[in-house]
Structure formats: C-alpha cells, structure tokens
1. Given R₀ = 25 Å, what would the calculated FRET efficiency be for N54 paired with N199, taking r from the Cβ atoms and rounding to 0.05?
2. For E206 and K225 in the same chain, what is the full-extension length gain: residue separation times 0.36 nm, less their Cα-Cα distance, in nm?
3. Which entries of K2/K225; K42/K64; K35/K198 show an alpha-carbon separation above 22 angstrom in the structure shown?
4. Any idea how far apart K35 and E146 come out in nm if each label point goes 7 Å out from Cα toward Cβ?
5. Quick one: Cα centre-to-centre distance for region 147-185 and region 25-60, in angstrom?
6. Please list 3J(HN,Hα) in residue order for region 10-16, calculated via the Karplus relation 6.51 cos²θ - 1.76 cosθ + 1.60 where θ = phi - 60°; whole Hz, with x for glycine and proline.
7. Given region 24-83 reduced to its alpha-carbon atoms as identical point scatterers, what log10 I(q)/I(0) does the Debye formula return at q = 0.18, 0.19, 0.24 Å⁻¹?
Amino acid sequence: MKKIVILHGWTYSLDKWEKFKDLLQNEGFQTIFLKIPGLTAKSGEVWNLDKYSNWLGSQLSKEKDKVVLLGHSNGGRIASYFSAKFPDKIEKLILIDTAGVYHKELLLEIKRFLFGSVAKLGKKFTNSQVLKKFLYKLVREKDYQEASPNMRKTMLNLIKTDLTAEFKKISVPTLIIWGQDDRITPLSDGQLINKLIKNSKLKTIEGARHAPFYTHAGEVAGIIKHDI
C-alpha cells in the first residue's frame, strides 16, 4: 500500500480534509496527516522554515522507506523546502496550490509592513476593537488576525522567505496541482514553480480556487491515482 504523508496549510482544523482522505484510502493509499506545530499541534514557539524542516525530518525518520510527500499551501512551502534539502527521504512530491513564490509587488510589501505595524496603528488611532478588526481585514489576512503573537511572527518568517533557489534544487519527481481561479496563490505561481522544478508536471483544476482538495476532492484524488 502506497503511503502519502500530508502537510496541511495554515489551518487549525483538518475537517476539510476528511472527504479527500477517504477518497485516497478508497483508492488504496495509506494517508498520514501530520499535525503541524503552532497550527493543529500546540506550540509556544516562533517557527521558521529551518525549524519546520527539522521537525518534518524527525517525523519522517520513523518511516523505513521513502514516502510520497503532499503539501498544500503553507504545507507545500514546508514540503518544498524539505525536499530540496533531503531528496533521499522523498519518493515523490505533490504540491497543491503551494506557497513559496516571493512577490515584490507594492501591495504585498504593504501587507508585510502592516503585519508588523497593525497593532501599533490600532493603538495610535484608537483602542477600538472595530478599527483593529478593520485594519486586519484591510490586509485580507484572516489567518493573521486569528493567530497567536508567536504564530504571527512565524507567518512573517515564512512569507518573507523566497524559495526560488529551493524550487530549483528539487530533484524528486513532482506533481503540481493548482486551482485555476486561486486568488491566494495565483496560477502564475504554479506555472513558475513548474518551470523551476525540472522534474515536475502541472495539472490545473478548472473552477477551483485555493483548496481544490476540498472543493474538487474527487478530481484531485483521481489525478494523484493516475500519476503515482
């Protein structure tokens, strides 16, 4: 039975993965969902990619054989970074609407600035919770609004990291799956990653946004079954 180790994105619940997990298991795959520290597993630490990579290595050290590693969004960022450093641990890499492409556009630079300054801005203008909530929504990051102080620092550590060099180093066979209408990590990111990873192929899901494993679970599971 082929084993797939799955890294979820920036979420505090695995509920949306249930249907996809069942579909993969029905296709004969064994699925292992890793609970990521600070998200689905409790942690009081501030994390960065090196720490997450070391954590993932400790999890995979329990496996006797190479594994198929699947990562979605932020989980894909961690999976990509790890696969570039430790290709001998991975049989195949599957990336679903993954994060890791660094954008220099002004709006995203403003977002990164506001992530560090939004609390100060709230205090400067008013202590109103309404204004603070508006400021968070202004940067369109619900994840940041709901995160603990340490996980806000963690998010900053991650989004400021450019994985271009790591994508180029990935040598394991890689399947990239992307929602055509993704507004969080646009399809152009997937196309760039496809170009950077030499041994990769890109499959797009029509009508899907950032979480095709949830909205188009059957189609995504079918692509994986056909490819592995």
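Any read-out appearing in this document is the output of simple, stated calculations on the displayed coordinates, not a laboratory observation. What you see is a predicted model; the values in this text were computed from it and never measured. In this analysis, Cβ positions are derived from the backbone assuming ideal geometry, glycine residues included, and neighbour counts consider all displayed protein chains.
1. Computed FRET efficiency for N54 and N199: 0.50.
2. 5.0 nm
3. Pairs exceeding the cut-off: K42/K64; K35/K198.
4. 1.7 nm
5. One Cα centre to the other: 15 Å.
6. Rounded to whole hertz, the list is 7, 8, 10, 9, 9, 4, 5.
7. These q points yield log10 I(q)/I(0) values of -0.69, -0.77, -1.15.
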